[in-house]
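The values are calculated or read from the model by the stated rules, or taken from the named source; none is laboratory data. This is a predicted model, so every value here is computed, not measured. Cβ atoms come from the backbone with ideal geometry, glycine included; neighbour counts cover every protein chain shown.
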Amino acid sequence: MDGNGRWGVNKGLTRSHGHNKGVSVLKNIIKVSKKLGVKVLTVYAFSTENWTRPLEEVKFLLNLFEKVLEKEIDELNKELIRIKFIGDLSPFSEDLRKKFIEAENITHYNDQFTLNICTNYGGRQELVKVAKELSRKSISGEIKPDQINEEMFESHLLTCDFQDPDLLIRTSGEKRISNFLLWQLAYSEIYITDVLWPEFDENEFYKAIIDYQSRNRRFGGIKSVSNQSLKSSLSYR
Ligand code: FPP
């Protein structure tokens, strides 16, 4: 959801105005995602690097998370949206952590749509966490190092309940992954738009989806469609 700060400043307002506007854009994009039949939407709300921003902005963002959850949780639940926080929640205040966990618990059984909110999330940190867990299991004898494969590795990721994203949308024209879902994005299609997040509306979202629909996803192979049919016909023999 990149570009909130710049949008606020460009408008002669503050960065905080941009973050507030970013929340209403997120609400709209959730609505459109549901309408389009998207099942999982994962947003990067606070990175492990965002702590280095000026204290005032960090405080504003943490307060905003709390306020948004308080205000929106019943509506999100009514809309059968499951909320999941992806990241290390331990540095947040106990009050905020409680709000995160409460939001997850209240919406736990909603199965129409999942909103993953990456908070204090960093892709490298996630990979280090997995490495530590697998090392511990190896040392304790629970697993053998040679048993470690992609499937086992994936099952220790914070996103283990979800498929890898099909599409990554990066707003504000930045051409970086910025420590987001480093493992999971291996074969995701990437769409970059110059539009700042506060101006990312339904139309812009459609542009991204239409662009995605024109992609030929090969996952490292040659032709996705014909390979798929070859694989299924082989499996019948
Ligand atoms: C990136 O823009 C945006 C953020 C760091 C915060 C996004 C958070 C929200 C919109 C709140 C969502 C709330 C919940 C509960 C999910 P930026 O500040 O990096 O903008 P810039 O690139 O212009 O500086």
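When E174, E154, E199, E142 are checked against the criterion of being of a type outside the set (K, R) and touching an Asp or Glu at 6+ places or on another chain (Cβ under 7 Å), a single residue qualifies: E174. Look at the range 7-21: where a residue is under 22 Å from L55 (Cβ atoms) and a partner is part of a loop (DSSP other than H, G, I, E, B), sitting 6+ places away or on another chain with Cβ atoms under 6 Å, you get W7/L196; G8/T14.
Close Cβ contacts (under 9 Å, 6 or more residues apart or on different chains) running from residues in the range 36-57 that are among the acidic types (D, E) to residues that are within 11 Å of the ligand (Cβ to nearest atom) and part of a helix (DSSP H, G or I) comprise E56/S16; E57/G5; E57/R15; E57/S16; E57/H19; E57/N50.
Take the residues of the range 22-31 that are surrounded by fewer than 17 Cβ atoms within 10 Å (Cβ to Cβ) and either within 12 Å of the ligand (Cβ to nearest atom) or in contact (Cβ under 8 Å) with a residue 40 or more places away in the chain (or both): which is nearest to R82 (Cα to Cα)? The residue in question is K27. Of all residues in the range 172-201, those being more than 11 Å from the ligand (Cβ to nearest atom), closer than 29 Å to H156 by Cβ and hydroxyl-bearing (S, T, Y) number 3. Tallying residues that are of a type outside the set (D, E, K, R), closer than 20 Å to K175 by Cα and either within 6 Å of the ligand (Cβ to nearest atom) or at pLDDT below 95 (or both) within the range 1-21 yields 4. Within the range 190-204, if we keep just the residues that are in contact with a Ser or Thr (Cβ under 8 Å, 6 or more places away or on another chain) and not β-branched (V, I, T), the residue that is farthest from I29 (Cα to Cα) turns out to be D194. For the range 65-86, the set of residues classified as more than 18 Å from the chain's Cα centre (by Cα) and within 15 Å of K99 (Cβ to Cβ) consists of E66, K67, E70, K71, E72, I73, D74, N77, listed by residue number.
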